[in-house]
Amino acid sequence: MSKDQNSRPLPSLEDLGWHNFFKPFMTPYTEKGMIPARVARQDKGRYTVYSSSGRYPAEISGRLRHEAVSRSQLPAVGDWVALHTSPESERAMIHAVLERRSRISRKEAGSRTSEQVLCANVDTAFIVSSLTGERGFVLRRIERYLTIALESGIDPVIVLNKSDLCDNTEEHAARTEEIAMGAPVYAVSALTGAGMDGVSTHLGKGKTAVLLGPSGVGKSTLINTIMGSEVVKTGGIRADDGRGRHTTTWRELIVMPEHGLIVDTPGLRELQLWAEEDALDGSFSEISDLASQCRFRDCTHSGEPGCAVQAAVDAGTLEAARLESYHMQQAELRYLERRRDQNANRIEQAKWKSIHKSVKTLDKISPKRKWMKN
C-alpha cells in the first residue's frame, strides 16, 4: 500500500476534525478491521483520504456505489468514511460514508433536480466577495450564499477581500452588515494581510471551514495568507478588471497545523439553492418578522392590503431590492419543492411497477401460486 510521505508529523484524528458524534457510526466497521478516514479530495470518481496513519488514494466499493440511491450518498470532500487498507492493493477502499454533522449542498447544475453535496462536516462557511467593482461586490449573491450556509446549520462569516484596491470599503462593509443577519463581516486584503486577524479567530485546531464564492475573489490567496506560504497555486490579478485568475478546479480539504482545516472550492458558475422554503426565515429574518404583522396570514407581500412588508418598503426601512431578492429565492425554492415531489412520485411509481412485474413473473413460473390465488 503506497502512501504519501510528509516531513510533518502525521495528524491525529482530532486534528482532522474527528468528533464523538461519529464514533457510534464507525463502530460496526471498526469491528471489521476498517479505520476512519476523511475525504480530502474527489476527482472523477477517485478520492484522496486522510487518516491517522497517512494519506491514501482511494476508491469506493462496488456495494457502496450500488446501494447509493443518489450521488448525495456517495463520499464528498469533508466526509468521514470507513476505509479498508491492504498492503496488497495500490488503493484503499471506501466501504461506507458516516453520518454527516453538516453539509453544504446546492441543486446540481443544469436541468436535473438532484442534490450536489459541495462539502460535509463543516463548522464555518467563509462567504468571500471581492470589493473590486460591481462584478465583484454583489449583495444579492452574498444573500444566496447566506441562505445556503444558514440552511446547513453552519456559522457564516462574510469576508470582503481586496480592500487595498477599493476606495469605498467602509460603505460596502456597512451595506453588507445590513443584510448579514448578524454574521460577522470583515473587510480584508489577503495580499497585504490587513484585517486577517479577525478572520483567523474563526479558525482553530480540529475545526473545519470552507471558502465559498465565485471565481477570482481571492479564496486561494486567503488560504496562502493564513498558512504563511503558497500552498495553493494562484494566478495573479487581471489588469483589465482587477479580478483574480481562477486557478482552483476541484474541492480540496487542506490541513493547517495551527488553524484546523479549510476546504478550498472552485468558483461556482451556478448557485442554485437546495433548501426548504423556511430557510429564508434565517437569511431574511427581518422580512419574516414583518410578515407576522401582515393582515393576512397568507400574504405574498405583492400588493395585498395591510401588508407590513410593503409598508416597510414604502417607508424606506426595507430596501425594495432586498424584498425582490426574497421573492426570487422563494420562487426558486417553491419550484424546487414541486420538482422534488414529482421525482418522489416517479420513484414510488417505479418501485410499485417493479413489484407488480415481479409478482406476475412469479405467477408465470409457479403453478402453485396460481392455484393458491384462485
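Only the coordinates and a few stated rules stand behind these numbers; no lab work does. Not measured: the values here are computed from a predicted model. Using ideal geometry, Cβ is built from the backbone for each residue, glycine included, and neighbour counts are taken over all protein chains shown.
Structural remarks
- Among the listed pairs 44/107; 23/205; 23/207; 107/207, those with a Cα-Cα distance over 22 Å are 107/207.
- The P(r) of segment 20-97 has a tail past 15 Å containing 51 percent of all C-alpha pairs.
- Cleavage-rule hits (trypsin sites (Lys or Arg not before Pro)) in segment 1-108: DSSP loop, at most 14 neighbouring Cβ within 10 angstrom: 3, 32, 44
- Local electrostatic count at residue 169 - Lys and Arg +1, Asp and Glu -1, tallied over other residues with Cβ under 14 Å: -3
- Cut-off 10 Å between beta-carbons: net charge of the residues surrounding residue 265, Lys and Arg +1, Asp and Glu -1: 0
- Computed log₁₀ I(q)/I(0) - Debye formula, equal Cα scatterers, no solvent, segment 274-321, q 0.18, 0.24, 0.30, 0.33 Å⁻¹: -0.54, -0.89, -1.17, -1.26
- Here is the list for segment 122-164: GluC sites (Glu not before Pro) lying in DSSP coil, each with at most 14 other C-beta atoms within 10 angstrom of its C-beta, are 134.
- Calculated P(r) of segment 84-176 - Cα pairs past 15 Å, %: 70
- Built amide H within the under 5 Å cut-off of residue 49, gap 5+: 40, 56, 58
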